[in-house]
1. From the list VAL26, VAL56, VAL16, pick out the single residue that is buried (at least 16 other Cβ atoms within 10 Å of the Cβ), part of a helix (DSSP H, G or I) and free of Cβ contacts under 8 Å to residues at least 12 places away in the same chain.
2. Of all residues in region 45-66, count the ones that are under 10 Å from the mean Cα position of the chain (by Cα) and farther than 12 Å from SER77 by Cα.
3. Where the second residue is among the small types (Gly, Ala, Ser) and part of a helix (DSSP H, G or I) and the first is without any contact (Cβ under 8 Å) to a residue 12 or more places away in the chain and more than 10 Å from LEU61 (Cα to Cα) and lies in region 75-97, which pairs have Cβ atoms under 9 Å and are six or more apart or on separate chains?
4. Would you say PHE80 is modelled with pLDDT of 85 or more, at negative phi, outside any helix (DSSP H, G or I) and hydrophobic (A, V, I, L, M, F, W, C)?
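The values are calculated or read from the model by the stated rules, or taken from the named source; none is laboratory data. What you see is a predicted model; the values in this text were computed from it and never measured. Note: ideal-geometry Cβ built from the backbone for every residue, glycine included; neighbour counts use all protein chains shown.
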Amino acid sequence: MKENLEKPDSQKEEWVAQAEGLKVRVRALYQKDRIGTHEKIVSFAQGLKEKYGKEVDKYALFHALTLSDFSEGDCESLDFSGEDSVEKFIESLEKKQGEIKSEE
C-alpha cells in the first residue's frame, strides 16, 4: 500500500474523476431498482468495512459506492483488489439488472 501513498496528484485527480463516474452508475442502478440495489450495496459496503476497518476510507471507489463526498487528499488507492473490487461489484449489478430487464 505504501506505493499508493506516493502517487502524483494527477493520479489522485484521475481517481476522483473515476469515482465520480462510478457514482453516476450507482445512481442509475438506484433508479432501476431502489430497494434491491440499496440492500446489495449496503451488504457489500458492510463486508468491506468489516474486512478493512477504517482503511475503506482511503479507497476512492468505496466513497463512490456509498455516494459519499471525498477529496483527492483522502485517497490512497482507487479500488480494492480481487473479489473486493467495487468496480467489479457494480459491473455485476449492472449485468444482473440488464438480464432482468431483458427477461421482462
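1. Working: VAL26 fails: free of Cβ contacts under 8 Å to residues at least 12 places away in the same chain; VAL16 fails: free of Cβ contacts under 8 Å to residues at least 12 places away in the same chain.
Among VAL26, VAL56, VAL16, only VAL56 is buried (at least 16 other Cβ atoms within 10 Å of the Cβ), part of a helix (DSSP H, G or I) and free of Cβ contacts under 8 Å to residues at least 12 places away in the same chain.
2. To start, the set of residues in region 45-66 that are under 10 Å from the mean Cα position of the chain (by Cα) comprises 45, 59-66.
If we keep only those that are farther than 12 Å from SER77 by Cα as well, we get 45, 64-66.
Going through region 45-66 one residue at a time, the tally reaches 4.
3. LYS88/GLY82
4. yes
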